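A.B. asks: Can you read through this structure? Questions will come right after.
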Amino acid sequence: MAWTLDDLQDHLLIGSTLVEGSTLTEEQARAVLAGRTVQGHAVREVRELSNYRAATEWLMQTLEPSPYVSIDVVLSYHSRLMQGLSDEAGRFKAHANYTIRSDGSRLDYLQPGKVPDAMTTWIDDFNRSAPDAVATGAELYARFQAIHPFADGNGRIGRILLAYFLYRELGVSFRFYARDKLAHLRAMEATDQKNLEPLEDFVRARVQS
């Protein structure tokens, strides 16, 4: 499997961005990443996608000499992802955040004051090898989203780190497309009830050698 920017762009970065509420189509997203102008969309949507690609290119170069991720790497990635889009780029969240589940209930993420310690533990676990990398990758992804360490960008960062973990451990690709939005949502909501099996199945079905 090739851990290349083109592969990630086509099979992860576009889908990972579009599921976050972007109004771009997949065709328009490919045009943006090819440097072409797309009319009728907010500048922010274009910037989010181009930043994602640039941040991922930086991440690949950073991890090439050493396979280990650090807090500084995650913060630097967020800084590049949110460059020009947020005053909190490169910093853990300063305020509590939450989401509304599909049934209308509220899910509160980890409180800001607990994030640094939680992320230190998460990074330590991320850097360990795992006997079942798919199951561990799914669990790490669920924990990252439960921490929700940033005000914005958590889904996109979590998915690129999951993809890297699977590549590092198994040499495989993790594919994620816009059409996966509903299945992803259902799997993530299951993790709120401490049921990781749907997310593990979701990840396993999208691994490609």
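A.B. asks: Among the candidates Gly158, Gly137, single out the residue that is assigned to a helix (DSSP H, G or I), free of Cβ contacts under 8 Å to residues at least 24 places away in the same chain and small (Gly, Ala, Ser). Walk me through how you get there before you give the answer.
C.D. replies: Working: Gly137 fails: free of Cβ contacts under 8 Å to residues at least 24 places away in the same chain.
Only one candidate qualifies: Gly158.
A.B. asks: Given the conditions (1) outside any helix (DSSP H, G or I); (2) at pLDDT 95 or above, report the number of the one that Gln193 does not fulfil.
C.D. replies: For Gln193, the exception is condition (2).
A.B. asks: Just name the residue that is farthest from the chain's Cα centre (by Cα) out of those in segment 166-181 that are more than 15 Å from Ser16 (Cβ to Cβ) and of a type in the set (A, V, I, L, M, F, W, C).
C.D. replies: Result: Leu170.
A.B. asks: Something else about it: One residue is enough: does segment 54-68 have a residue meeting the conditions surrounded by 15 or more Cβ atoms within 10 Å (Cβ to Cβ), under 27 Å from Leu185 (Cβ atoms) and not β-branched (Val, Ile, Thr)?
C.D. replies: Scanning segment 54-68 turns up at least one residue that is surrounded by 15 or more Cβ atoms within 10 Å (Cβ to Cβ), under 27 Å from Leu185 (Cβ atoms) and not β-branched (Val, Ile, Thr).
A.B. asks: So which residues in segment 2-32 are part of a helix (DSSP H, G or I) and hydrophobic (A, V, I, L, M, F, W, C)?
C.D. replies: Keep residues of segment 2-32 that are part of a helix (DSSP H, G or I), which gives 5-18, 26-32.
The answer is Leu5, Leu8, Leu12, Leu13, Ile14, Leu18, Ala29, Ala31, Val32.
A.B. asks: Taking segment 1-32 as the region of interest, how many residues are buried (at least 19 other Cβ atoms within 10 Å of the Cβ) and either in contact (Cβ under 8 Å) with a residue 24 or more places away in the chain or within 29 Å of Gly171 (Cα to Cα) (or both)? Walk me through how you get there before you give the answer.
C.D. replies: Our first condition is that a residue be buried (at least 19 other Cβ atoms within 10 Å of the Cβ); within segment 1-32, this holds for 8-9, 12-19, 22, 24, 28-29, 32.
Next, from what is left, pick out any that are either in contact (Cβ under 8 Å) with a residue 24 or more places away in the chain or within 29 Å of Gly171 (Cα to Cα) (or both): 8-9, 12-19, 22, 24, 29, 32.
Within segment 1-32, residues that are buried (at least 19 other Cβ atoms within 10 Å of the Cβ) and either in contact (Cβ under 8 Å) with a residue 24 or more places away in the chain or within 29 Å of Gly171 (Cα to Cα) (or both) number 14.
A.B. asks: Okay, next question. I'd like to check something: does segment 111-125 contain any residue that is buried (at least 16 other Cβ atoms within 10 Å of the Cβ) and not in a helix (DSSP H, G or I)?
C.D. replies: no
A.B. asks: Any residue in segment 107-132 that is without any contact (Cβ under 8 Å) to a residue 40 or more places away in the chain and farther than 22 Å from Leu166 by Cα sitting within a Cβ distance under 8 Å of a residue that is among the small types (Gly, Ala, Ser) and part of a helix (DSSP H, G or I)? List the pairs, counting only those 6 or more apart or interchain.
C.D. replies: Hits for this filter: Tyr109/Ala146; Leu110/Ala118; Leu110/Ala146.
A.B. asks: Oh, and also: Would a scan of segment 143-155 turn up a residue that is touching a residue at least 24 places away in the same chain (Cβ under 8 Å), crowded, with 17+ Cβ neighbours inside 10 Å, farther than 21 Å from Pro116 by Cα and not basic (Lys, Arg)?
C.D. replies: No; the residues of segment 143-155 include none that is touching a residue at least 24 places away in the same chain (Cβ under 8 Å), crowded, with 17+ Cβ neighbours inside 10 Å, farther than 21 Å from Pro116 by Cα and not basic (Lys, Arg).
The values are calculated or read from the model by the stated rules, or taken from the named source; none is laboratory data. Predicted model, so just to flag it, every value in this text is computed and none were measured. Heads up, the Cβs are rebuilt from the backbone with ideal geometry, glycines too, and the neighbour counts pull from every protein chain shown.
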